[in-house]
Ligand SMILES: N[C@@H](CCC(=O)N[C@@H](CS)C(=O)NCC(=O)O)C(=O)O
């Protein structure tokens, strides 16, 4: 292995050539002036159909399926590979320049919410749904929501980055993160051994935030790493992942702002419930993100 000796002071090498080099910067703030589009619905979501984005669209589709009309939303696509997360309007909603970001226009003063877990907690509290009322169950649910926010970066930014995106395969890095992700899969598998859902019998936001990462991984949909991580050996996790994946709202949520895979599964922008039938990529001329 090549030996790297860190210099006294780290300097930004703008010419690195990994997959996200063009958007990764060591500074925050906006790079250009551009307002965000606003649609007709009470909720405005600015996102991409990555696991973090899908957490929110699953919850919104579940809320609508329950009959909460106030959860109607416009989902605007933010092209993160083109740097749209650094536009002044987006930075105004999320100073951290990451999708997803939400604007709630239904209140007297509009409310901005960023961080996928915070958005999900905000919406479930607003509609009093998918978040247990009982204090003990609520604490359990919140614990798993925070678990997911703290754990998934090891899967995405750690394992996924070094296994699938880094310009070279670094054994030390892949090994370190594979070990941690396997540990996380085991945590979930043991937990789900005697439970239908993450918090027991009730389907909650904990399931909705964990599934897009760990459900997708266990179903072989992330990083082409199913065999490498032997995901099928986590039987209880697989059973849970399959059950969640079959929900109508989960299927719909996974299509919103999606820019990858089958055109019929990509609803790049969602401005109306009927868009699922009429505006998927196989039916419209789409916005190019690659
Ligand atoms: N902790 C954040 C993470 C969000 C995040 O990492 N978003 C990625 C896409 S999944 C993003 O916007 N990346 C663009 C960038 O890093 O510039 C959350 O859960 O909302």
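Read the figures in this text as sums done on the coordinates, not as results from a lab. Predicted, not measured: the structure shown is a model, and the values here were computed from it. As a convention, Cβ positions derive from the backbone with ideal geometry for all residues, glycine included, and neighbour counts pool all protein chains shown.
Going by C-beta contacts inside 10 Å, put 208, 168 in order with the fewest on the left. Spell out each step's value before the answer.
Details: 208 30, 168 8.
Placing the least packed residue first, the sequence is 168, 208.
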Practice prompt. Could you work out, for the chain, what percent of all Cα-Cα pairs fall into each 5 Å distance bin, beginning at 0 Å and stopping at the bin that holds the largest distance?
Written response: 1, 5, 11, 15, 18, 17, 14, 10, 6, 2, 1, 0
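Among the DSSP beta bridges whose two residues both lie in the chain, what percent are antiparallel, rounded to the nearest 5? Numbers along the way, then the final one.
Numbers: 10 of 17 bridges.
Antiparallel: roughly 60 percent of the beta bridges in the chain.
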Worksheet item: Relative contact order (percent) for the chain, with alpha-carbon contacts under 8 angstrom and 6 or more residues of separation?
Response: 21 percent
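Over segment 135-251, what per residue volume does the convex hull of the Cα atoms give, in whole Å³? Walk me through the intermediate numbers first.
Details: hull volume 11.1 nm³, N = 117.
Expressed per residue, the convex hull around the Cα atoms of segment 135-251 is 95 Å³.
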Worksheet item: So how do 221, 248 line up by other beta-carbon neighbours within 10 Å, fewest first?
Response: 248, 221
Practice prompt. Specify the residue with the greatest mean-square fluctuation among 11, 137, 34, computed from a Gaussian network of the chain linking alpha-carbon atoms under 10 Å apart.
Written response: 11
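Using Cα pairs under 8 angstrom and six or more residues apart, how large is the relative contact order of segment 135-251, in percent?
Normalised by residue count, the contact order of segment 135-251 is 26 percent.
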Worksheet item: Which FRET efficiency, nearest 0.05, do residue 24 and residue 176 yield, Cβ-Cβ r, R0 35 Å?
Response: 0.95
Discussion item. Going by Cα centres, segment 1-72 and segment 139-171 are how many Å apart?
Written reply: 15 Å
Worksheet item: With the contact rule set at Cα under 8 Å and sequence spacing of 6 or more, what percent relative contact order holds for segment 1-91?
Response: 39 percent
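Report the full-extension gain for the segment residue 274 to residue 15: residue separation times 0.36 nm, less the Cα-Cα distance, to one decimal in nm. Working shown, then result.
Numbers: separation 259, 0.36 × 259 = 93.24 nm, distance 4.42 nm.
Residue separation times 0.36 nm, minus the Cα-Cα distance, leaves 88.8 nm.
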Worksheet item: Given only helices, namely DSSP H runs of n ≥ 4 each adding -39500 (n - 2.57), what is the per-residue ellipticity at 222 nm of the chain, to the nearest 500 deg cm²/dmol?
Response: -10500 deg cm²/dmol
